[in-house]
1. Could you list, ordered by first residue, the pairs with Cβ atoms under 7 Å in which the first is in the range B:168-179 and surrounded by fewer than 24 Cβ atoms within 10 Å (Cβ to Cβ) and the second is among the polar types (S, T, N, Q) and modelled with pLDDT of 95 or more, at least 6 apart or interchain?
2. Of the residues B:Ala398, B:Ala379, B:Ala336, only one is out of contact with any His (no Cβ under 7 Å at 6 or more places or on another chain), under 30 Å from B:Tyr106 (Cβ atoms) and among the aliphatic types (A, V, I, L, M); which?
3. Specify which of the listed residues (A:Ile68, A:Ile40) is in a helix (DSSP H, G or I), in contact with a Phe, Trp or Tyr (Cβ under 8 Å, 6 or more places away or on another chain) and at pLDDT 70 or above.
4. If you take just the helices (runs of 4 or more DSSP H) that sit entirely in the range B:1-104, which of them hold at least 1 residues that are farther than 25 Å from B:Gln145 by Cα and within 14 Å of chain A (Cβ to nearest Cβ)?
5. Name the single residue, out of those in the range A:276-292 being out of contact with any helix residue (DSSP H, G or I) (no Cβ under 6 Å at 6 or more places or on another chain) and closer than 17 Å to B:Ser27 by Cβ, that is nearest to the other protein chains (Cβ to nearest Cβ).
6. Filter the range A:293-313 down to residues that are under 15 Å from the mean Cα position of the chain (by Cα) and within 24 Å of A:Leu67 (Cβ to Cβ) and give me whichever is farthest from the other protein chains (Cβ to nearest Cβ).
7. If you check A:Thr316, A:Thr366, which single one turns out to be closer than 30 Å to A:Gly287 by Cα, more than 19 Å from the chain's Cα centre (by Cα) and either more than 9 Å from chain B (Cβ to nearest Cβ) or in contact (Cβ under 8 Å) with a residue 12 or more places away in the chain (or both)?
8. Which of the numbered conditions does A:Phe342 fail, given that it passes all the others? Conditions: (1) at pLDDT below 95; (2) within 19 Å of A:Leu72 (Cβ to Cβ); (3) away from chain B (no Cβ under 11 Å).
Amino acid sequence: MTKKLLVVRSPQGLLLIINILALLLLMTFNIEFEKNILFIAIALIFTIFLSSQVLYKISNGDTYIFLIVTMLISIGIIMIYRINPALGFKQVIWFGVGIIVFFISYFTIKYIKHWDKLLYFYLGISLALFIATLIFGTKNKGATNWIIIFGSSFQPAELIKVLFIFSLASYYVNKEKYNSWKYSRLIYIAAVYIHIGFLFIQKDLGTAMLFFLLFMSILYVYEEDRRLLLYNSAGAVVLSVAGYFLFNHVRVRIETWLNPWTDIGGKGYQITQSLFAIASGGFFGTGIGLGHPAFIPEVHNDFIFSAICEEMGVLTGIAVIFLFMIIVYRGVKIALQQQNQFFRIVALGITLMFGYQAFIILGGVTKMIPLTGITLPFVSYGGSSLVSSFAALGILQLASEEFDVEQEDEDEHRIQEDN
Amino acid sequence: MNTESKRIIRILISLCGLFIGLVIYISYFQIFTADRILSNSYNKRQWIDEENILRGEIIDRKGTILVNSIITDKGQSRNYKYGNVYSHIIGYSSREYGKSGIEASYNKELLNLSDLNPLGELKNILSDGPSLGNNVVLTLDHELQSYAYKLLGNRKGSIVIMNPKTGEIYSMVSSPSFNPSTLKENWGDIIANENSPLLNRSIMGLYAPGSIFKLITATAAIENRESDDKFNCEGSINIDGYVLKDYGGVAHGELDLNEALVKSCNVAFSQIGLEIGDDKLRNTAEKYMFNRSIPFDLRTAESTFPDNIRSKPELGASAIGQGKILVTPLNMAMVASAIGNQGEMVKPIIVREIINHNNSVLKKYKTELLSKVTSPETAEYLKSMMIEVVNEGTGKSARLDKIQAAGKTGTAENESDKEHAWFIGFAPADDPLVAVAVIIESSGKTGGAEAAPIARDLMNRAIQILNK
């Protein structure tokens, strides 16, 4: 094991070196030596190393996605700790929780069968969570999408994302059964828009956009009635235009995207501060601890990418983008190789969720597209986001494995029926 | 491959396209947009150093504090003690409008910032409390500067007073001016004002020189004329159909170079121009730093002598300082200085030294030779003519009581219908202490009537102050 650890050329080795270097730097960053940072360094490196070893023992699936994710996590924790040591410490704890959830989700999904038969259950839970958010929700950053349970805040939409993907997959796996009733397609689309509608009411535009993109992608691949694609696209355009004129918060997003410089002190403040950060980093960055990313409000959360660009350089930023691209590539490969249709759709959904979510926030903080608050998966600070991303990753890991014969048989049977 | 897989791959390709688009977008932003937005006043990074460092003082040559910073409950406040008097030299340091003048060019020294390096940054992080910036000591004399500012008053124009041998600027005034302390309140008016109060006319103003340029033509004549033939002035001269007149149409009759300069005879000097040609004239002008950028602590405009003069009328006009020739007041003060300093033009300096808060000198600025304009003999000859200008020529109003001054007047036609009034000179003539350049913009009066008396008072006062 130690020998393996020291092999620099292996991805784990590289990751280890990066972590040790960055964490050593962080130790010297604060004048008073803190015990926390030593704990963080050891806990982080140990968790990454141990969990990847365990994973390769138990799973014969994909070996890259988990590594890439730990790389993203490392960059995120280093940056969060540098911005706010207390939050960095918490994030390491959340990372530990995330790893546990990753394995729980992996085993739960693996050993409980018939996930494709629970459509009503998924929809029911989602609805309950949405209503709970509506009633108990607290306002945070202009969006009412948090509920507080046992003193810790929790974002139900993070869980609903996974449930939503499961619902889409269950519907398409059993479409013959559901489509036997004339109006089932309408009900299905209504259910999707109820999701998006709730998110809109919560003013969580980023997640609403994510749900819509996910839905449209799955619709594009699996829907036989191709007219639905057209109707939904047209509907989306009409709704966005209506949203622009009807809702002030939508208008503000668009206006600050088109020209944030007219109101730098007010509505355009966040995005312009983000642009200043990226601009002042240059391609190589100011160096960790030498920039001023804390000028951006919510920098540890939605704007973590701007902080990375400022202190680690735009080249590191580009590297982060490419890491997400590799996740998407591996995820799509997993989907293509999966024989079980339910897990095929789920794998595609989860992959696209990571991809779209990353693009929505990366494009937002760089002013390429309008800014909508959403976390950068695995990098931003936040328990709900990290835990739900790890749960999804566990499912993706499982989907990368070959399934037992029984399921394959069932699947082949279904494919024949399809034809 | 089945339809499902094809569609999935299409989605993969579009998503990868989005990511690659993002990479291109960020690279483009970094290469083309980043520099432009960084100077935005809302970018607090520019100011973070300044909040932690007490900005240094700006001091005159005798130790009078002209600008300092004081700590208030709201942070630092910059205190411009003499407002308009130094508006163009010291400039301003404002979050809203950026920096200008010495505040801009000596920003690093005032903040005691070395070039950005990680080690220095680390030191800043480790050290507590605001550190102290360095102080900038100017070559200006506060008493003389205030006097010159008052003397110019509401007139549009500029005054430059300097030491002809060391290049130290004693006083530099540009009018109209602005008050850097009330910049925020008056910014709209300052910007809207058609007289451009923000413009430092002394170094950025480009004016037709008129007859003061004859000193340069005279230099070229002494160096290049083969004969000592006299000129004949009938009050006007017709060059290829273009009639060039003397002031008031006065005929000066037969005169030599000396008489021509003393009387500021346009006819004679345009004849010189035609005789020696534009190349030689340009060559001499360029030795006087025309078409050259003057190295200075503040940004200066270049005086211009046109690259090619195509027609004889233009050559004749150029020789008397009209046509397309444009000069800055600082450059003309340097012309006077060079003649007073035996043909050697020195680099003008406005910052004498940088000192730290303990008054120990960190950097001292020394006199440097900028251009060897002409031989000491020629300079001596020019000086003698300039003495005569003041004693019995057009510059009589610049005569001092006990000290011999030397100078040249100019009355320059320009786009406005009123002439600029010029005077450049130095005193005492035999061993000059000060050189001056005075211009009153669109005065409508002659240099002898309007600028020379101002120059007289300035030279008088300057010598008094310097001999104290």
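The values are calculated or read from the model by the stated rules, or taken from the named source; none is laboratory data. Just so we're clear, the structure is a prediction, and the values are computed from it rather than from any experiment. Don't worry about glycine lacking a Cβ; one is built from the backbone with ideal geometry, like all the others, and counts go over all protein chains shown.
1. If the second residue must be among the polar types (S, T, N, Q) and modelled with pLDDT of 95 or more, the pairs left are B:Glu168/B:Thr139.
2. B:Ala336
3. Values: A:Ile68 fails: in contact with a Phe, Trp or Tyr (Cβ under 8 Å, 6 or more places away or on another chain).
Result of the check over A:Ile68, A:Ile40: A:Ile40.
4. Details: elements: B:3-28, B:34-38, B:45-52, B:87-90.
Passing ranges, in order: B:3-28, B:34-38, B:45-52.
5. In the first step, residues of the range A:276-292 are kept if they are out of contact with any helix residue (DSSP H, G or I) (no Cβ under 6 Å at 6 or more places or on another chain); the result is A:276, A:282, A:284.
Now restrict to residues that are closer than 17 Å to B:Ser27 by Cβ: A:282, A:284.
Numbers: A:Gly282: 7, A:Phe284: 11 Å.
Per the criteria, the residue is A:Gly282.
6. To start, the set of residues in the range A:293-313 that are under 15 Å from the mean Cα position of the chain (by Cα) comprises A:301-305.
Retained after the next criterion (residues that are within 24 Å of A:Leu67 (Cβ to Cβ)): A:304-305.
Numbers: A:Ile304: 15, A:Phe305: 10 Å.
Step by step, filter the range A:293-313, then rank; the result is A:Ile304.
7. Values: A:Thr366 fails: more than 19 Å from the chain's Cα centre (by Cα).
Of the residues listed, the single one that is closer than 30 Å to A:Gly287 by Cα, more than 19 Å from the chain's Cα centre (by Cα) and either more than 9 Å from chain B (Cβ to nearest Cβ) or in contact (Cβ under 8 Å) with a residue 12 or more places away in the chain (or both) is A:Thr316.
8. All conditions pass for A:Phe342, except number (2).
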